[in-house]
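Undergrad: Below is a structure I'd like to ask you about.
The values are calculated or read from the model by the stated rules, or taken from the named source; none is laboratory data. Bear in mind that the values here come from a model prediction, so they are computed numbers and not experimental data. Cβ sites come from the backbone with ideal geometry, for glycine too, and all protein chains shown count toward neighbours.
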Amino acid sequence: MRQRFVLDTTAITDTGLRVKEGYETLCESAAEVLELIARSRLKLEISCYIPFPTVYGELISFLRRNECSDDVFLKLDTWLVKKTPNRYEVKIPAAIFYDYVLTMRQKINRGRRVAEEFIWESSAITSKLDGKEEVQNEVGNLVGKFRDKFRTALRQGILDSSPDLDVLLLAKELEAGVVSSDAGIRKWSERMGLRFVDAAKFPRMLKEYLLLAEPEKDIVITDSDEEVD
């Protein structure tokens, strides 16, 4: 059966991917991954999709902020299939929706407890301080800690954006695998019975496929995962 994958933004931009594969910059990482995708499509008929316009727009903005070359954008538009998921026809079991509602309720309760904890702590700190500047400095530090803890309590492991949801809907529609490093996408991919590939492992997987499909290129995967021609 012909393989299909739906890519999240992190499939191209993930920091762990760059470290694992030895790429120095985001642009270098993006160019090399897209090159592997191109060869996999030509040699193995592996198709890689990106939800349009949500994930596509997110990825384009990310690459522009990093001042990637025109060649990277050309590869992206050539080798990634842009498709909008059919949100009216894709069917998701009611049990998935039920689980999601329960998960969100638990997350909201955790977020409330974190907020209450920091309100009490803030009250205790300000009662011992004199002067507006001193209060601002101490409360400012506390607000920074609160944001980090609240983000972990409320957002980790959930789908918190329309691009995240579009990745799952398109993968479900196409019966495709999902490529991402997002914990929420991973969790709900598994619950929906979708194949999941960690973004940091995706280039190595394509290299393994191409190792057999392109013996004339003498692809070698070394300990540092570098490709030698």
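Undergrad: Are any residues in the stretch 149-165 without any contact (Cβ under 8 Å) to a residue 60 or more places away in the chain and within 12 Å of residue 183 (Cα to Cα), and if so, which ones?
TA: Once the filter is applied, which keeps residues that are without any contact (Cβ under 8 Å) to a residue 60 or more places away in the chain and within 12 Å of residue 183 (Cα to Cα), the stretch 149-165 yields 152, 155, 156, 157, 158, 159, 160.
Undergrad: A further question on this structure: Going through 153, 199 one at a time, which residue ends up being at pLDDT 80 or above, small (Gly, Ala, Ser) and either more than 21 Å from the chain's Cα centre (by Cα) or farther than 25 Å from residue 17 by Cα (or both)?
TA: 153
Undergrad: Would you be able to say whether some residue in the stretch 203-214 is modelled with pLDDT under 85 and outside any loop (DSSP other than H, G, I, E, B)?
TA: Checking the stretch 203-214: at least one residue is modelled with pLDDT under 85 and outside any loop (DSSP other than H, G, I, E, B).
Undergrad: Can I ask one more? If I ask for residues that are within 30 Å of residue 32 (Cα to Cα) and over 20 Å from the mean Cα position of the chain (by Cα), which ones from the stretch 71-119 would you list?
TA: 71, 74, 78
Undergrad: From the list 107, 75, pick out the single residue that is within 24 Å of residue 183 (Cα to Cα) and among the charged types (D, E, K, R).
TA: Within the list 107, 75, the selection yields 107.
Undergrad: Which numbered condition in (1) of a type in the set (Phe, Trp, Tyr); (2) surrounded by fewer than 18 Cβ atoms within 10 Å (Cβ to Cβ); (3) farther than 23 Å from residue 191 by Cα is the only one that residue 79 fails?
TA: The failed condition is (2).
Undergrad: Give the residue that is surrounded by the most Cβ atoms within 10 Å (Cβ to Cβ), with candidates limited to residues of the stretch 164-181 that are part of a strand (DSSP E or B) and among the β-branched types (Val, Ile, Thr).
TA: Once the filter is applied, the top-ranked residue is 179.
Undergrad: Take residues that are hydroxyl-bearing (Ser, Thr, Tyr) and tell me which of the helices (runs of 4 or more DSSP H) falling wholly in the stretch 1-78 contain 2 or more.
TA: Fully inside the stretch 1-78 and qualifying: 10-13, 26-44, 54-65.
Undergrad: What number of residues within the stretch 168-200 satisfy the criterion of being closer than 19 Å to residue 85 by Cα and polar (S, T, N, Q)?
TA: 2
Undergrad: Would you mind stating whether residue 161 is crowded, with 19+ Cβ neighbours inside 10 Å and not hydrophobic (A, V, I, L, M, F, W, C)?
TA: Criteria not met by residue 161.
Undergrad: Taking into account only those residues within the stretch 127-138 that are part of a helix (DSSP H, G or I) and surrounded by 14 or more Cβ atoms within 10 Å (Cβ to Cβ), which is farthest from the chain's Cα centre (by Cα)?
TA: 135
Undergrad: So, one more: Before we move on, is residue 177 at positive phi and under 17 Å from the mean Cα position of the chain (by Cα)?
TA: no
Undergrad: When you scan the stretch 89-102, do you find a residue that is out of contact with any strand residue (DSSP E or B) (no Cβ under 6 Å at 6 or more places or on another chain), assigned to a helix (DSSP H, G or I), among the β-branched types (Val, Ile, Thr) and modelled with pLDDT of 95 or more, even just one?
TA: No, the conditions are met nowhere in the stretch 89-102.
Undergrad: From the list 31, 115, 124, pick out the single residue that is surrounded by 14 or more Cβ atoms within 10 Å (Cβ to Cβ), farther than 20 Å from residue 166 by Cβ and assigned by TED's automatic domain parsing to the domain that holds residue 150.
TA: Every option except 115 fails the conditions.
Undergrad: Being β-branched (Val, Ile, Thr), surrounded by 14 or more Cβ atoms within 10 Å (Cβ to Cβ) and under 14 Å from residue 202 (Cβ atoms) is true for just one of 46, 60. Which residue is that?
TA: Of the residues listed, the single one that is β-branched (Val, Ile, Thr), surrounded by 14 or more Cβ atoms within 10 Å (Cβ to Cβ) and under 14 Å from residue 202 (Cβ atoms) is 46.
Undergrad: List pairs: first residue in the stretch 92-103 and closer than 14 Å to residue 158 by Cα and in contact (Cβ under 8 Å) with a residue 24 or more places away in the chain, second residue surrounded by 14 or more Cβ atoms within 10 Å (Cβ to Cβ) and aliphatic (A, V, I, L, M) anywhere in the structure, Cβ distance under 9 angstrom, at least six positions apart or on different chains.
TA: Correct list of pairs: 96/192; 100/158; 100/159; 103/158.
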